Amino acid sequence: MKSVIINEKRIKKNAKYCVDIVPYPYTSRAQYERAMEGAIGREWNVTSATKKMSRPEIVSRAGVIINPISMKKKNKSKRAPAKF
């Protein structure tokens with residue numbers, strides 16, 4: 001079509017959202033992409049399905065202390081000082 005313009009440039013900002021390898025439960029790229037096609041929003045699914053798909057995996061009660069993730073210490077000398 002004359003009025004269609006296809007931009008094939010690689011957008012560097014979107015590269016961080018791309019997956020390099022196929023995650024564990026999937027065996028092929030096509031299977032993973034088929035699973036990601038489905039929409040989760042309430043505009044496309046019934047209320048019960050939307051709640052089931054978007055519920056958190058870990059639920060804790062109010063007031064329970066959640067320990068932070070421990071991170072390895074990094075060499076702070078490489079980081080530039082803060083600018084205010």
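Among the residues of this structure, S77 does not count as one that is modelled with pLDDT under 85 and in a loop (DSSP other than H, G, I, E, B).
Beta carbons closer than 8 Å, at least 6 apart along the sequence or on distinct chains, pair a first residue in the stretch 39-63 that is among the small types (G, A, S) and modelled with pLDDT under 80 with a second that is surrounded by 10 or more Cβ atoms within 10 Å (Cβ to Cβ) and not in a loop (DSSP other than H, G, I, E, B) for G41/T50.
The values are calculated or read from the model by the stated rules, or taken from the named source; none is laboratory data. Every value quoted in this text rests on a predicted model; they were computed, and no experiment measured them. Backbone-built Cβ (ideal geometry, glycine too); neighbour counts: all protein chains shown.
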